[in-house]
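This report refers to the structure that appears directly beneath it.
The values are calculated or read from the model by the stated rules, or taken from the named source; none is laboratory data. It should be emphasised that the depicted structure is a prediction, and the values quoted were computed from it without experimental measurement. Note that each Cβ is placed from the backbone with ideal geometry, even for glycine, and that neighbours are counted across all protein chains shown. Quick note on the areas: whole protein, heavy atoms, side chains included, nothing else; ligands and nucleic acids left out. Shrake-Rupley method; radii C 1.70, N 1.55, O 1.52, S 1.80 Å.
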Amino acid sequence: MTQLESDLLQKLPGASKAQLDPQAQEYFLSAWASIFYSGKAVGKHLMVCSTNRKEGSTTLAVGMALAGCQGAASPRVAVVDMNFRFPAVHKVLGLPQSPGIADVIARTASIADVARNIGGLDVFAAGNLGAGSLDLLTEQGLAQTIMDLSSRYDHVIYDVAAVNDYPDAQVMASALKDAVLVVRTNRTPREAVAQAKKRLEMGGARLAGVLLNMRTFPIPRFLYRRV
Ligand SMILES: Nc1ncnc2c1ncn2[C@@H]1O[C@H](COP(=O)(O)OP(=O)(O)O)[C@@H](O)[C@H]1O
Ligand SMILES: [Mg+2]
């Protein structure tokens, strides 16, 4: 299992200028490389989900996608806000929430209508959430949307609702297959990680890695500053 550590993600606000801070870029690129180029079989679609809310799923999904699309081979990359409970990709990138992927699933808009390009990355906001989250995720239109995204992109990164709080990630697992779990260092209990892993695997996901987010300092911060 790939394990990564980071305390660099607070640099993400740079993303709104479509450019990551160089340190953050390096971190996200290494996360990207360990997942996609580690020799593990990972398909085009990757769910990024945290165990519980506020552990960093949106930050990681957007950061990795921004870094990944700037790789040497210039892969075609999209980030999709599939967290219909707390949509946030649009907020991080300073975009409106609608139109977005929910409109594509409901067949009221096309992929080309709703994709917004930021720094080489195609961004899909959540869109109009008139229907409930589970209604959207069990719509026939979802399978078609995933197929259409497959034909347009080399990699599609999905920000998904927290695994232990909602069934959404488990429901999507059968269609998307690969998942990374974002864990907040020193805060997420071991049991919560085990439960999230079990839920994802029961849904049919392959766990491509665990990202340890918000790593705390091994010595007290006030001492660290003086070192
Ligand atoms: N490594 C990090 N360092 C500092 N702040 C972070 C880091 N990762 C996430 N955050 C902040 O923590 C909050 C929750 O992160 P977010 O990505 O929105 O979590 P989630 O999508 O899992 O709810 C946001 O305000 C985000 O900017
Ligand atoms: Mg989020």
Set Gln97, Gln70: member being of a type in the set (S, T, N, Q), open to solvent by 40 Å² or more (accessible area, probe 1.4 Å) and more than 16 Å from ligand 1 (Cβ to nearest atom): Gln70
Selected residue [within 20 Å of Ala115 (Cα to Cα) and in contact (Cβ under 8 Å) with a residue 12 or more places away in the chain] from Asp159, Asp168: Asp159
Cβ-Cβ under 8 Å pairs, at least 6 apart or on other chains, the range 185-209 side open to solvent by less than 20 Å² (accessible area, probe 1.4 Å), far side basic (Lys, Arg): Ala205/Lys177; Ala208/Lys40
Among the residues listed as Asp135, Asp81, the single one being acidic (Asp, Glu) and within 16 Å of ligand 1 (Cβ to nearest atom): Asp81
Residues being among the polar types (S, T, N, Q), out of contact with any His (no Cβ under 9 Å at 6 or more places or on another chain) and more than 16 Å from ligand 2 (Cβ to nearest atom) - total across the range 123-168: 6
Pairs with Cβ under 8 Å, 6+ apart, first in the range 20-44 and surrounded by fewer than 20 Cβ atoms within 10 Å (Cβ to Cβ), second in a helix (DSSP H, G or I) and among the basic types (Lys, Arg): Asp21/Lys11; Gln23/Lys11
Looking only at the range 140-168, and only at residues there that are among the aliphatic types (A, V, I, L, M) and farther than 23 Å from Gly56 by Cβ, the one that is most open to solvent (accessible area, probe 1.4 Å): Met147
Qualifying residue in the range 173-185 (condition: within 15 Å of ligand 1 (Cβ to nearest atom), over 20 Å from Lys40 (Cβ atoms) and at pLDDT below 95): yes
